[in-house]
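Please read the structure below before turning to the comments.
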Amino acid sequence: MAKVTDIVYDAIYPCTACALRQEGNRGPTGCTGSDRSPLMIVGEGPGAVEDEYGVPLVGQSGRLLDRALASVGISRERVYVTNVVKCRPRGNRTPTPAEGAYCAERWLVQEIAALKPAVIVALGKVALRFFAPQERSIVRSRGSWRQWQAADGTVYPVLPTFHPAYLLRLSGREAREAKWQVYYDLTAAKERASAAAPDFIWQVETPADTRAPFLARREARRSAGR
Ligand code: SF4
Ligand code: URA
């Protein structure tokens, strides 16, 4: 079985398999974090900053994700972060369920098979829809565990929670409550993943800036004129 990062670099980055690649983006985005992590976080799809850097969740939503992870004692680089859809839809529109399923069946399932995470956290509605297609409401679904079965029969525990972009749109009491819910969800996810991987180290002493390791990739994408 290939390492998950080999799949990302050798297969995902060159992908041109669907029409999303033609929507004016710089190409597929990869992953951030540890290829050994027992915890995988799955977002929706890249926005403008992610498209520039070639990796998921390094814009405003990503910064909030980093803070949420830090609040439960996890450094961003210690989790594996990816998206359902790898290529940025034009104008940041939400990818359709069919687009999500197409890209995820091609790539996300391979990332999962290679990483074999103990726990998957699904951020927001698009990720929820991939893992639990019959569920429509992230408000109702968040915080309760789902089982997702891969093609090889392996069953993965999936915990849906709010997407950071959703938290950024809320204010006042609603925002505070939703942030607490994300805190509880991440705590539960970490506990379950820790039970499966008791020796895993969740924090680094001096966390790197999340974008810094991808500056060269950003330059390469820019100069490729994509
Ligand atoms: Fe390939 Fe996914 Fe990009 Fe479509 S969205 S071109 S399947 S990486
Ligand atoms: N939102 C996501 O779900 N993923 C990203 O990479 C950026 C914003």
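The values are calculated or read from the model by the stated rules, or taken from the named source; none is laboratory data. Everything numeric in this text was worked out from a predicted model, so none of it was measured. Note that we place each Cβ from the backbone using ideal geometry, even for glycine, and neighbour counts take in every protein chain shown.
Points worth noting:
- Residue check, E105 away from ligand 2 (no atom under 16 Å from the Cβ) and out of contact with any Leu (no Cβ under 9 Å at 6 or more places or on another chain): yes
- Helices (runs of 4 or more DSSP H) lying entirely in the stretch 61-132 (those with 3 or more residues that are farther than 26 Å from Y184 by Cβ): 97-103, 109-115
- The residues of the stretch 1-29 that are under 20 Å from L115 (Cα atoms) and away from ligand 1 (no atom under 12 Å from the Cβ), listed by number, are M1, A2, K3, V4, T5, D6, Y9, D10.
- In the stretch 61-80, residue farthest from ligand 1 (Cβ to nearest atom) [restricted to those that are under 22 Å from D35 (Cβ atoms) and surrounded by fewer than 18 Cβ atoms within 10 Å (Cβ to Cβ)]: G73
- Matching residues, the stretch 24-60, being within 18 Å of V79 (Cβ to Cβ), within 11 Å of ligand 2 (Cβ to nearest atom) and not in a loop (DSSP other than H, G, I, E, B): T32, I41, V42, G43, E50, Y53
- Subset of the stretch 1-23 that is of a type in the set (S, T, Y) and assigned to a loop (DSSP other than H, G, I, E, B) - its residue that is nearest to the chain's Cα centre (by Cα): Y13
- The number of residues in the stretch 13-27 that are of a type in the set (K, R) and either farther than 20 Å from A98 by Cβ or touching a Leu at 6+ places or on another chain (Cβ under 6 Å) (or both) comes to 1.
- Of all residues in the stretch 30-47 being hydrophobic (A, V, I, L, M, F, W, C) and within 16 Å of ligand 1 (Cβ to nearest atom), the one that is surrounded by the fewest Cβ atoms within 10 Å (Cβ to Cβ): C31
- Hey, Q147 at pLDDT below 95 and either away from ligand 1 (no atom under 16 Å from the Cβ) or in a loop (DSSP other than H, G, I, E, B) (or both) or not: no
- Residues of the stretch 193-224 satisfying the condition of being part of a helix (DSSP H, G or I) and among the hydroxyl-bearing types (S, T, Y): S194, S223
- Sole residue being of a type in the set (D, E) and surrounded by 17 or more Cβ atoms within 10 Å (Cβ to Cβ), chosen from D152, D209, D199, D185: D185
- Test: residue in the stretch 62-74 that is in contact with a strand residue (DSSP E or B) (Cβ under 8 Å, 6 or more places away or on another chain) and closer than 22 Å to A195 by Cβ: yes
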